[in-house]
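Read through the structure below, which is laid out as structure tokens, and then see the notes.
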Ligand code: HEM
């Protein structure tokens, strides 16, 4: 607006550098373009749009099996998507480019604006324009009043006020720009917090059997993903022991088998030497040791077996963690490898049925996830397990290629049952059932700063969208016959589009200054 | 400790109340539609006092609605036949009855399962429709937004119908991850905001359908004002819902933000509505351009609800879509 030349530039798209400015000119132009508010907004937009493929295409970090499926079904498309980083969108260079540019743009935008705003805050409201009638809001009326009284009334409405001999100049709504700056600075803070968290934080996953323990060291994890600045010694030295795990399920009705509650009873030692404490780990209730959080992620069954080899020696006596193949009934599969069995190595495939029922066709299945009637089916093999070949094997799978089938059919075993293997190869006893849980431990030093930054950002945003910057001027003139004062009021909002909303406030102000009715104030339209 | 007991009688009562709600909403919709259809057409041209922006002020360019915000007096619907007005009044009463039935359906479902009644997509959609109707009915106590009635009830009827036909699941307990007070915080905020965004979305779509000039539809100024007000209120609530979601994710999933599909799309929705507000206040964009941004944001909201729950999945797959 004409009278707001001191306005902070809000949406100024910098003009091109023009002809013959040379490299320096282009650089300066580039910097100005990058750091304009509009560029920051465009980048924020782009940031949102760039995250879309990450929500539609499966991501390697989250669902590697789905990515593998893509590669199998549509290899050519998958290869292209992969080249474009579509399976790792949030680690991709183009995604990083956007947020780094956003980062730069924010810095370049915030620093000069902060300077300008600090000056503005200290500056007095501008002197009165010559002709108040030319302002978008204008009113005049006659009333016995003084400069001091007008100033006091405006101050009461929380205006910042400057007075002259026969005029008052008032301004309000500085919080708009303050909020705006806070919003942008906290966005920066948020980016820093996220980055800090990923550099100095780590996460690890581990599978734990009932009755066993865990100490927070790198070696104890099945999978460990540290940030680049994390050293192995810096892990919080807590440890715990899993006493017992309990799952509760709906027993009857349409939702039979739906999980109701998972609870893992732990005995936790916060640091070496400190006393043990009891903690019940649940889905929404992680274990917190000095900011290192441990979450309960999954669970499953581990039947225990005792295996005797052909020479009568106990070659195996331990729980075997099974892979859940049907999460509705917890039908699970597991492999047992007994490399120490003599004279030949033994291998077993087993199917664990927590609530085993016999079907009409004579096969067995699990009808419920809880261990009501836990049975196992066993297939036995002998021969070379191939563990010495050096090729990595999954603990859940048995490589049966080089093995000789020993036992291919039997009734499912109940706890306590033993099967003798043919040819005096030994025996296997199903001794009991344990449960395992999977845990994730996360340390993210950026989470609290990130929360603080986002809360400030939101408050700042609300201020910057909700507050209007507005100015009001008042000029007093003696009426010629000395009977009262002519009060002339002009108003201006410096927020485009806020004009209509300001109209009501202006009317209120005029009334507060002594106009007897809104009708007098209505005169403000007379100049049109 | 969660219970697995469901009061089957109450659950059935709640299902029946949803059907009653649909019937009442349809009736209200017809009433409002009659009122609208037989009222005299309105014009977008503002006849009353029109505040002129100072010449050379660089304010909003004089597009179709600039400067017409002060025209409230000119948008009063011209006289329509008495019976049409009465149809509108009846619609209002029936609408409130439907609202009460909807409220009862939600509360009774909650009583039947002894938990917060918005833990799956069926319950969630029923609650959003309730929030939208609530927003409309309460707004129309204070502001003249009766003209929107037919359209709000159309949208809510479609929403409820969709929920009953495609999303309905028997009342039951929730899985362990949802068995926490966070559901009251995070999902209630999402519902409230979604209901208001729905009101704004309906206004925005009407805005785009309505051409300038004479029409029986409400004026563009009115539509824009309703949308703006609804979004102004909904935006902070939506922001709160996302932050609460992040806090919950920090408890439940071990990270506060992980670009899960639902997180991505709520972020996109957030950016969309932020862009709308920004365009309105800073860039001085009004009218069509701002409305289009608002509709895009609303589309992202709907995609997050329907598309992500049904087609995409992810960690956030609590929708329990049958
Ligand atoms: C950063 C984290 C999160 C974000 C951004 C987020 C976002 C949202 C949004 C936008 C909705 C609205 C409904 C919709 O569009 O479908 C929603 C609903 C919901 N959220 Fe979240 N959420 C987060 C974390 C969580 C967590 C951790 C849980 C539970 C463990 C959760 C449970 C739910 C449920 C149950 C609903 C409603 C029903 C449904 O749509 O399935 N959310 N969330």
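The values are calculated or read from the model by the stated rules, or taken from the named source; none is laboratory data. Worth saying up front: this structure is predicted, and the values here are computed from it rather than measured. Please note: Cβ atoms are built from the backbone with ideal geometry, for glycine as well, and neighbour counts cover all protein chains shown.
Taken together, A:339, A:321 contain a single residue that is farther than 28 Å from residue A:264 by Cβ and touching a strand residue (DSSP E or B) at 6+ places or on another chain (Cβ under 9 Å), which is A:339.
Restricting attention to region B:117-137, the residues that are within 16 Å of the ligand (Cβ to nearest atom) and either assigned to a helix (DSSP H, G or I) or within 14 Å of another protein chain (Cβ to nearest Cβ) (or both) total 14.
Scanning region B:275-304 for residues that are near the ligand (Cβ under 10 Å from one of its atoms) and crowded, with 20+ Cβ neighbours inside 10 Å, we see that the one that is farthest from the other protein chains (Cβ to nearest Cβ) is B:301.
Checking region A:235-248 against the condition returns a match, with at least one residue being in contact with a helix residue (DSSP H, G or I) (Cβ under 8 Å, 6 or more places away or on another chain), crowded, with 17+ Cβ neighbours inside 10 Å, away from every other protein chain (no Cβ under 14 Å) and touching a residue at least 24 places away in the same chain (Cβ under 8 Å). Every listed requirement among (1) facing chain A (nearest Cβ under 10 Å); (2) surrounded by fewer than 19 Cβ atoms within 10 Å (Cβ to Cβ) is met by residue B:214 save one, (1). Of the residues B:196, B:232, which is in a helix (DSSP H, G or I), within 10 Å of chain A (Cβ to nearest Cβ), more than 30 Å from residue A:283 (Cα to Cα) and more than 10 Å from the ligand (Cβ to nearest atom)? On inspection, the qualifying residue turns out to be B:232. Note on region B:235-270: among residues that are without any contact (Cβ under 8 Å) to a residue 24 or more places away in the chain and over 18 Å from residue A:197 (Cβ atoms), the one that is nearest to the other protein chains (Cβ to nearest Cβ) is B:264.
The sole residue among B:67, B:48, B:98, B:82 that is away from chain A (no Cβ under 12 Å) and modelled with pLDDT under 95 is B:82. Only one entry in B:245, B:258 is surrounded by fewer than 21 Cβ atoms within 10 Å (Cβ to Cβ), near the ligand (Cβ under 8 Å from one of its atoms) and within 23 Å of residue A:283 (Cα to Cα), namely B:258.
In region B:169-183, the condition of being over 25 Å from residue B:16 (Cβ atoms), out of contact with any strand residue (DSSP E or B) (no Cβ under 6 Å at 6 or more places or on another chain) and more than 10 Å from the ligand (Cβ to nearest atom) is met by at least one residue. For the condition within 16 Å of the ligand (Cβ to nearest atom) and free of Cβ contacts under 8 Å to residues at least 24 places away in the same chain, residue A:296 does not qualify. Scanning region B:305-321 for residues that are away from chain A (no Cβ under 11 Å) and more than 7 Å from the ligand (Cβ to nearest atom) returns B:306, B:310, B:317, B:321. For region B:277-299, the set of residues classified as in contact with a helix residue (DSSP H, G or I) (Cβ under 8 Å, 6 or more places away or on another chain), assigned to a helix (DSSP H, G or I) and over 12 Å from residue A:45 (Cβ atoms) consists of B:277, B:280, B:281, B:288, B:289, B:290, B:291, B:292, B:294, B:295, B:298, listed by residue number.
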